[in-house]
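Contents: one structure, followed by commentary.
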Amino acid sequence: MVDRRKSQQLRLDWTPLVSALKRNERYLLHAVDHGRAILRLLMWKHHFSPIDTSNAVTWLNTAANLIPPSKPVINGMPHDILARIFSFVVHSDCTTPKDRCWKEILHSSVTSGSSPTTPLILGHVCTSWRSFVHHTPSLWSTIAVQGPLPKHVEVVSFWLARSEKCPLDLRLEQFLWPDPSSYAIAELFVAQAHRWRRISFVLGIEAPFAKMRAGDTPLLEEFRIRLDKWNRTKAHAFIEVLQSSPALHTINWGKSIYGRVPAETPWCQLSNISLQNLELSEPVVNGLSLCTALKVLHLRFMRKATDHNLVITLPYLERLVCERTESYPCMFDSFTLPSLHDLHWVVAFSAADKGAQLGSLINMVDRSGCTLKTVTVNRNTFDLVSTRLSAGVIALHLFDGATNSDLLELIRHPGQCIMPKLQHLFLETCFADDGVLSTVLLSRSPDLKTFRVCLDRSRYINDIITLGWLKKDGMTVDIQEPFCQTQVVSCSVSTADPDPESDVITTLRFPDMETLWT
């Protein structure tokens, strides 16, 4: 009797559920009908929908090696090839025409130079890439720091440890004073001086470099320094250390030699040298005459010595860069350059001096017997393109803004044309009317292979359309955003990481844009 009572207590009471279903019977039947219709539609689509064969012929005619793989090919590549791909991305030069006028001082992170992609970014893609990047020392061998923060000292130390024994390309620019972070990073760099390959330093601190001696940088190939705040004796001592490298081939003293060329300069082994704020005096002339391997010469703010009338012959020089040399009239009278083919001539002389400068250049080219193939000019030196010197020019780079008159000179007319061999044209900015650029390019097509310009797309609608068609026809076209040609320094100072132990007010020292490279 007891068991029967228990079973009755455990029995479910279905009465409320049945009552609810009866009250909502019509809604239930409506839902069932809709469900049946949906199921019927799905079954019909599955059995009777036509098969899409529109791409069948294309797939059948596609080679097997062109069919996209189901897994990324890059993950199956040999490690040496993957390392070369990553190195190209991390160490590539990503500067743009804007960088010639704009100097951005960033305090956000440690970088690999001008490339926006660092090994840390590659390591965040996936686990396999992270493992590969952390075990490839060459990816960490380029370190660039601008106005570092205290947190960057540990980051630089980590990068140096990851680079292991690889030669180093280092860049350190100090714009704050005092700057304990730059001091600490400089000490880390000095400890690895035996691995320096290329360095670019803009520094006011001296102490970390005081213990360096000649022979400490055996692998150094290139240095670019700006030590104008240093004591002269200490600056020359540091330069002597750098110039003791047997592998050195590129020198840029910046404003670090105070108008006097170091006596221990290894002229014979140099292939690239930059001279600025100097007189072309006897010591400089004698030094250049010893350069048996010099291929690139940069001249900036040069002056002619009163007692100098000699002509310097540089038999292997291929590229000559002359910037802001307007205080040296007829400068080209001082050179004979038989192998010259690349001329960069950007000055700001007056109209009265233009004829003398151009005549000096023509005489030098005639005397040297060379042929110009690559020319970089600005508005003041644009007259060069209308002379006989332009007959062999293949590439033209025009600084400043190209106007209607400038571009109209470049139009190819039947039987008459300046720069008949022109294949590559680069314009930093364009101030011409919409359509003028199209006329020039169409007259030069199909001989013109490459074209780059910085312009506002909204103002040059017709030119943009023409450039699109030319790109379809095989021309390499690069359109970049316009920029202000006035030299600008952009500073981004972070206040997120203050130094709690310092009560010194940090000051920002603006760089001298005339001598600070980008």
Note to self: Could you sort the peptides 157-165, 88-96, 16-24, 242-250 by per-residue average Cβ neighbour count (10 Å cutoff), highest mean leading?
What the structure shows: 242-250, 157-165, 88-96, 16-24
Note to self: Which one, M212, W253, N231, projects farthest toward the positive side of the charge dipole computed for region 94-265 from Cβ point charges (K/R +1, D/E -1)?
What the structure shows: W253
Next item on the list: Note the full-extension length gain between H424 and T374 as 0.36 nm times their separation in residues minus their Cα-Cα distance, in nm to one decimal.
Entry: 17.1 nm
Next item on the list: Kindly flag which residue pairs out of K151/K229; K373/K421; K449/K472 have an alpha-carbon separation exceeding 19 Å in this structure.
Entry: K151/K229
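Sum up the charges of everything whose Cβ sits under 15 Å from the Cβ of K449, counting Lys and Arg as +1 and Asp and Glu as -1, but leave K449 out.
+4
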Notebook entry, point to check: Quick one: putting +1 on the C-beta of Lys and Arg, -1 on the C-beta of Asp and Glu, what dipole do you get for region 94-265 around its Cα centre, in Debye to the nearest 20?
Noted result: 180 debye
Next item on the list: Calculate the spin-label point distance for S458 paired with M77, positioning each point 7 Å from the Cα along the beta-carbon direction, and give it in nanometres.
Entry: 4.0 nm
Next item on the list: Rounded to the nearest Å, what's the spacing between the alpha carbon centres of region 229-262 and region 108-161? Just the number, please.
Entry: 29 Å
Next item on the list: Write down the Kirkwood hydrodynamic radius of region 281-399, to one decimal in angstroms, obtained as one divided by the mean of 1/r over all alpha carbon pairs.
Entry: 14.4 Å
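Full extension from R26 to A263: what is 0.36 nm times the residue separation minus their Cα-Cα distance, to one decimal in nm?
Working: separation 237, 0.36 × 237 = 85.32 nm, distance 10.54 nm.
Length gained between R26 and A263: 74.8 nm.
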Item checked: Dimensions (Å) - region 410-465, Cα atoms, principal axes, largest first -> 35, 18, 18
Next item on the list: Throw me the Rg/Rh for region 94-265, computed over C-alpha atoms with Kirkwood Rh, two decimals.
Entry: 0.97
Check: To one decimal place, what orientation-averaged projected area in nm² is obtained for the convex hull of the Cα set of region 394-494?
Finding: 7.8 nm²
Next item on the list: Can you pull the one-decimal nm distance between simple spin-label points at D383 and E481, each 7 Å off the Cα toward Cβ?
Entry: 3.8 nm
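Could you list the square roots of 5 times each eigenvalue of the Cα gyration tensor of region 218-305, that is, the equivalent ellipsoid semi-axes, sorted largest first and rounded to whole Å?
18, 17, 11
With +1 on the Cβ of every Lys and Arg and -1 on the Cβ of every Asp and Glu, and nothing else charged, how large is the dipole of region 394-494 about its Cα centre, in debye rounded to the nearest 20?
On the way: 9 positive and 12 negative charges, 75 e Å.
That gives a dipole near 360 debye.
Calculate, for D433 and F88, the FRET efficiency according to 1/(1 + (r/R0)^6) with r their C-beta to C-beta distance and R0 30 Å; round to the nearest 0.05.
After rounding to 0.05, the efficiency reads 0.15.
Taking 30 Å as the cut-off for C-alpha to C-alpha distance, list the pairs among K211/K255; K295/K471; K211/K295 that go past it. It would help to have the intermediate numbers written out before the result.
Working: K211/K255 22 Å; K295/K471 35 Å; K211/K295 34 Å.
Too far apart for the 30 Å limit: K295/K471; K211/K295.
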Margin query: At 37 °C and a viscosity of 0.692 mPa s, what translational diffusion coefficient does Stokes-Einstein give for region 255-341, taking Rh as the Kirkwood radius over Cα pairs? Give it in µm²/s as a whole number.
Written below: 251 µm²/s
Note to self: Among A432, N462, G474, whose Cα projects farthest towards the positive end of the dipole of region 427-475, with charges put on the beta-carbon of Lys, Arg (+1) and Asp, Glu (-1)?
What the structure shows: G474
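Since every read-out is calculated from the coordinates, none of them should be taken as a lab result. Since this is a predicted model, take the numbers as computed values, not measurements. No Cβ is skipped: glycine too gets one built from the backbone with ideal geometry, and neighbour counts run over all protein chains shown.
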